[in-house]
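The values are calculated or read from the model by the stated rules, or taken from the named source; none is laboratory data. Predicted model only: the values in this text are computed from it and were never measured. Note that we place each Cβ from the backbone using ideal geometry, even for glycine, and neighbour counts take in every protein chain shown. Keep in mind that these areas ignore ligands, DNA and RNA; they rest on the heavy atoms of the full protein, side chains included. Shrake-Rupley method; radii C 1.70, N 1.55, O 1.52, S 1.80 Å.
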Amino acid sequence: VEQANLRRASVVLSINESLRDYTVEMGAPANRSRVLRGGVDLPHFASADGLAVRQRYGVDASETLLFFMGEFYPFSGLKEVAQSVVARPVGGHSVKLLAVGRGKLQPELERLGSTDPVGGRILLSGWQPYSELPRYVAAADVCLLPAYRNDIMRDIVPIKVYEYLAAGKPVISTRLPGVLREFGEDHGIVYVDDPGDVLLMALRLVETGVLPGLGRKAREFAATCDWQKVTDEFESILLGLTRKATSQRMTGRAPYVSARDGLR
């Protein structure tokens, strides 16, 4: 049924390049398969202030705060990041990890936090209302997507990456093909091969002073993904289809759209 829909559709829309490849493999004509990228509520994330969140969790202005939000899946890479933070010797530049969400790794993260010889370096907030998330992202110095490169994560582009970028935050991500293909290497995202490499990369970015520049590139890219622009493009596609349908009405063959991954 899916293949038939994709073959017959006048336009097939996917939210990233990897999913477009999938639709073509499933039979969508390449000349009728397009990418309509995900977006972000740019004003919602671009104007937030994270100072109150840093104060609430005891994060000093001189400390580097790593940030993750989402489900604590076993393959999220969050455990490896937390282990690196806890294993970091006392003294030198202080780094803390703040994670918003819950999941199967929760007990392990709590255990790591309780055994931290310094204490207070693993900060877990639980789930937060969407309205509060911009303040949490704004509190961060570096945002994270440290997921394993497995079949689940290989080709997806999580919407939170757009939200990180909209807040003007540098992102450290594992080298996930979908993310790398979507954002490239010059839009505020720095890649590592393994979740265990995240902390060392964060320290390197801090020491070399490149975080502000990465944040500016992140914001610039996110500005091209504002939902208003995405919906304008979607509307343009629909208007084009209706015009085509009008011209084809006499033939009885009106076009329709097949939407991939939640776009309706």
Can you tell which of GLY126, GLY91, GLY39 shows the greatest fluctuation in a Gaussian network model of the chain with Cα springs below 10 Å? GLY91
Highest-MSF residue in the chain out of LEU51, LEU42, LEU239 [GNM, Cα springs under 10 Å]: LEU239
List the chymotrypsin sites (Phe, Trp or Tyr not before Pro) in the range 87-196 that DSSP assigns to loop (not H, G, I, E or B) and whose Cβ has at most 15 other Cβ atoms within 10 Å. Which are they? TRP127
For the range 163-247, the Rg and Dmax computed from alpha carbons only, in angstrom: 17.7, 62
Ignoring ligands, DNA and RNA, what percent of the 1.4 Å accessible area of the chain is carbon and sulfur? 53
Please determine, in degrees from 0 to 90 and to the nearest 10, the orientation of helix 106-115 with respect to the longest principal axis defined by the Cα atoms of the chain, where the helix direction is its Cα long axis. 20
How many Å² of accessible area per residue for the chain, probe 1.4 Å? 48
Compute the angle between helix 78-87 and the longest alpha-carbon principal axis of the chain, please, reported from 0 to 90 degrees and rounded to the nearest 10. 20
Using only Cα atoms, find the angle between the long axis of helix 227-248 and the longest principal axis of the chain, and express it within 0 to 90 degrees, rounded to the nearest 10. 10
Report the relative contact order of the chain, percent, no decimals, based on alpha-carbon pairs under 8 angstrom and at least 6 residues apart. 25
Over the chain, with a Gaussian network built from C-alpha contacts below 10 Å, which listed residue (PRO89, PRO129, PRO74) shows the highest mean-square fluctuation? PRO129
